[in-house]
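A.B. asks: Take this structure, written in structure tokens, and hold onto it; I'll ask about it next.
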Amino acid sequence: MAKVVRKSYHLVIPFVLLLATWQTATGHQLDEYLQATLIDISPDEVRLYVNLTPGVEIADHVIDHIDSNADGKISGDEANSYATAFPKVLNATLDGKKLALQVEEFQVPEMAELETGWGVIQIELSASLPILASGEHHLQFSNHHEQHLSSYLLNAAMPRSDAIRIIRQERNHNQSDGRIIFSYEAPQSGNAAYAFSLGMVAMFVVLGLAITRLKRKV
Amino acid sequence: MSLAFEGQALIFLFLTTKQTNWEILMNKKLKILQTTAILLAAVNVASLAFCQSGGTAVITKGDIVAQAENFLGTLTEAQREKVMYDFNDNKQRQRWSNFPVGAFQRGGVRMGELNEQQRAAAMDMLGAMLSKKGYEKVRQIVEADEVLKNEHESSGAGRRGNPGFGRDNYFISFLGEPSVEKPWMVQFGGHHLGLNITFVGEHGTLAPSHTAAQPAIYQIEGKTIRPLGGEVEKADALMDSLDDSQKKRAILDVRVRNLVLGPGRDGQMIQPEGLKADGLSENQQKMLLDLAAEWTGILDEPLAATKMEQMKANIAETWFAWSGPAEKGSPAYFRIHGPTVFIEFAPQGDGSNGLNHIHTIYRDPTNEYGAKWWRK
């Protein structure tokens, strides 16, 4: 194989001239609370994967909310309280009917990590869906948690089920609110076909009996 | 190559025999020899073509594995223990990030712990695994972080300690032993870089990997360095080539301020959006593939070429999305999303400084960590 590899890891930079300056204001969106939500729709439930990243300049504000007893540590109970309170500021509806979001899993980093502005709080939520009729459905979602200091990402996950197809996504400009329009196609399962056949047989038997009775009466 | 040599010798024998004595050719034994010669010639031609096209098995055996073993051979027993993980260690496989080491602890051996000979061997190994251009990009990302470290220290912020910037704070780890047959993996990462390179026999992939840079524009000895400059220029050129109708479909009506599927989002995939590439001209499709090659081309050339063929085959099902101003040089987000490729480019900030701090991600929706080649 012809390959020229020059090893210059020890590249010395004695005359580095920076074009950029250390950016305390713009780098990593330090003054924002980034809330990224991925919505995974399946035929029987919807799952939300939420990553919350408080930038270093607002990390103390978020920590104050989590560390309710202000002892400088995030206990398991405090992490649990923050995660379980989170769904209360969300709103999710399917075809206009409110969905009950429940926390499935969560992970809250240690305080020292959150203070750096690089800590990520992860919360996984789910809501059971009613039995879906075949056709188009609308899933509406809004997140107004810490709205005054947040930026948002809101995306539909690629459906894992062939029965679900995302038609389009509509979101407001900052992605705090959005609607996923999707279609559901009920699978023609073997069981359903069997039940249908049985039903038809039963119907014919009942009809036959009725006709026989009528003939006897006549 | 001995097989090829034998084939060539037999071809020569066959040809000369044919010219000198036709009757002998009728001899049964020579007929067998003739058939063998033809078969070996075919093998010979095929093997030569394989070598010329950069057959991956040859490269894996001859260079990459040897360089990896060479690097491992320079390590002390204690360092080797730190660097090696079981191939099935999924926790370590997913332990990579865009964050500096102060905020996210990697596994493996730290470059700062290595002596000069060991560092050189480590870089030789990376050089064998990556294309020349890819190796240069990685080196420039690491140097950008050294620049960031120096700037951080000189700004006074360094009094609070180094959050883990700089060329010493990159880690190497192995999952599995280097092998021409069994699956194995090398991770090289630190702040703004997370390379996950998996090899399985003749196959190899870089997915998922994270590249980024801050500063994304700096100078060394009067020369301007832009580790992700190719990405910016090619994306600008592609956007410039779109007509109004294409732009309307490509530009999302939402503001995308960061990576959607960055580090930590393994196993997730989003719905494609934007402009589908079947609505692009042939030239625009080439531009889109060339832009994607800024990521897929980081890997060794023959493996990158295989990936390119795969992306070409799926071009009609590939999407291009853009968020932000469309003017050249603007800090805008973009995404390339096809059946076997997912790329995001996210400037970290607004205005003129936005393009001086960039995060990107490369994934393969069908084959993260080369799992389709090794998962039972």
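A.B. asks: Evaluated at 10 °C with a viscosity of 1.306 mPa s, what Stokes-Einstein diffusion coefficient in µm²/s does segment A:65-218 have when Rh comes from the Kirkwood expression over alpha-carbon pairs?
C.D. replies: 79
A.B. asks: Just rank A:I131, B:I270, fewest to most, by other beta-carbon atoms within 10 angstrom.
C.D. replies: A:I131, B:I270
A.B. asks: Shifting gears a bit: Order these by the 10 Å Cβ neighbour count, fewest first: B:K234, A:K88, B:K286.
C.D. replies: Working: B:K234 17, A:K88 9, B:K286 14.
Sorted ascending by nearby Cβ count, the order is A:K88, B:K286, B:K234.
A.B. asks: Based on other C-beta atoms within 10 Å, arrange B:W374, B:W96, B:W184 from fewest to most. Can you show the working numbers first?
C.D. replies: Details: B:W374 19, B:W96 26, B:W184 22.
In order of increasing Cβ crowding within 10 Å: B:W374, B:W184, B:W96.
A.B. asks: Taking loop as defined by DSSP and a crowding limit of 13 other beta carbons within 10 Å, which GluC sites (Glu not before Pro) in segment B:216-277 fit?
C.D. replies: Taking segment B:216-277 and a limit of 13 other Cβ atoms within 10 Å, the loop GluC sites (Glu not before Pro) found are B:E221.
A.B. asks: Another question, then. For segment B:61-374, state what percent of all Cα-Cα pairs lands in each successive 20 Å bin, counting from 0 Å until the bin that includes the largest distance.
C.D. replies: It works out to 33, 57, 9, 0, in whole percents.
A.B. asks: Continuing with the same structure: If N is the number of residues in segment B:278-376, what value comes out of its Cα radius of gyration divided by 2.2 N^0.38 Å?
C.D. replies: 1.17
A.B. asks: I would also like to ask the following. How long is segment B:179-324 along each principal axis, judged by its Cα atoms, biggest number first, in Å?
C.D. replies: Principal extents (largest minus smallest coordinate, Cα): 51, 42, 28 Å.
A.B. asks: R0 = 41 Å: FRET efficiency of A:R160 with B:T76, Cβ-based, nearest 0.05?
C.D. replies: Details: r = 46 Å, r/R0 = 1.13.
With R0 = 41 Å, the Cβ-Cβ based efficiency is 0.35.
FYI, it's all coordinate maths here, none of it is from the lab. These numbers were taken from a predicted model, which means no experiment stands behind them. Glycine gets a Cβ as well: all are built from the backbone with ideal geometry, and neighbour counts include every protein chain shown.
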